[in-house]
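A.B. asks: Below you will find the structure I want to go over with you.
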Amino acid sequence: MIGAPAGDPALARDSTPGTDGHRRPMIALREVGKTFHLGDTAVHALRDVTLAVREGDLLAIMGPSGSGKSTLMNIIGCLDLPDHGRYVLEGVDVRRLTESEQASIRNRRIGFVFQGFNLIARTPALENVELPLVYAGVARRERRRLATEALESVGLGDRLDHQPSELSGGQQQRVAIARAIVTDPALLLADEPTGALDSVSTASVLELFSELNAQGRTVVLITHEEEVSRYAKRVVRLHDGRVVSDERRTGAYDVPPGLAARTAHTEALPA
Ligand SMILES: Nc1ncnc2c1ncn2[C@@H]1O[C@H](COP(=O)(O)OP(=O)(O)O)[C@@H](O)[C@H]1O
Ligand SMILES: [Mg+2]
């Protein structure tokens, strides 16, 4: 498929004041750095990354292999902490949270999708999708109901009992997306979600992320595929751990129709 070149005329610098200034940033990173030490060598995976992501945005983080994308996703997803700089998620400084508070945020506020689907083998789709609800302490009947609903919403209502090996790659990724949304998280983080998919499945998975965004979820897609960035409202590019460009698609300031409803909605899961 044809990718959007860096000079895509649909992309403009993100300097125009938006009509959505009332929206708080969901993600606010300030001068975030992360260094890995391998023997005597220091690898600067992230250097001075400053980035704010508004609620309801659909952001693509792009860059070549090794540019720091997964490191950034791990920090945004509270799977790892920065060495320096500050990360504020939904108004909360992540460094001030205990491990168990971080785990709770990962479980309730964030849905994760990975390149390799990460489904449990020889286990029906329904049970795979129920898993985050098990961790959240949701009762069995309610788990069934919510997981069935999530699978229906990704178009797999007729595949509840299928095991991963009985599903195509695109279907497996949709099961993984159902698992990511079953707790009704405000933020979806996907690391190379289409990396293992053919072009047809890629398009259907990207359409699904667009729909989930239209329902009011903030979506961050990490990818090195230009094709994927065409579905984004905003494209941030990394190189050697630094943000080298940050562009918003013209006219893409629209607040998702589902956002007001989501903001009003109280959390469905028990505290
Ligand atoms: N756990 C780790 N230990 C050592 N080096 C790492 C680790 N994770 C990532 N790196 C290094 O940090 C850099 C950025 O990696 P990564 O964030 O995975 O990039 P990307 O996802 O863009 O391919 C790379 O040079 C990688 O080798
Ligand atoms: Mg990566």
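Read the figures in this text as sums done on the coordinates, not as results from a lab. In this text, all values refer to a predicted model and were calculated from it rather than measured experimentally. Here the Cβ positions follow ideal geometry from the backbone for every residue, glycine too, while neighbour counts run over all protein chains shown.
A.B. asks: Once you have the Kirkwood Rh of region 115-193 from its Cα pairs, apply Stokes-Einstein at 20 °C and 1.002 mPa s and quote D in µm²/s. Walk me through the intermediate numbers first.
C.D. replies: Working: Rh = 12.3 Å.
For these conditions, the coefficient is 175 µm²/s.
A.B. asks: Now for a different question. Per-residue counts of other Cβ atoms within 10 Å, averaged by peptide: what ranking do you get for 67-78, 31-42, highest first?
C.D. replies: Values: 67-78: 22.3, 31-42: 11.8.
Most protected by this proxy first, the peptides run 67-78, 31-42.
A.B. asks: Now a separate question. Taking every eigenvalue of the Cα gyration tensor of region 37-150, multiplying by 5 and rooting it, what semi-axes result, largest first, whole Å?
C.D. replies: Working: eigenvalues 185, 64, 44 Å².
Rounded to whole Å, the semi-axes are 30, 18, 15.
A.B. asks: Also: Need one number: nm distance between label points at His44 and Val134, each 7 Å from Cα along Cα→Cβ, rounded to one decimal.
C.D. replies: Going by the 7 Å Cα→Cβ label model, 4.4 nm.
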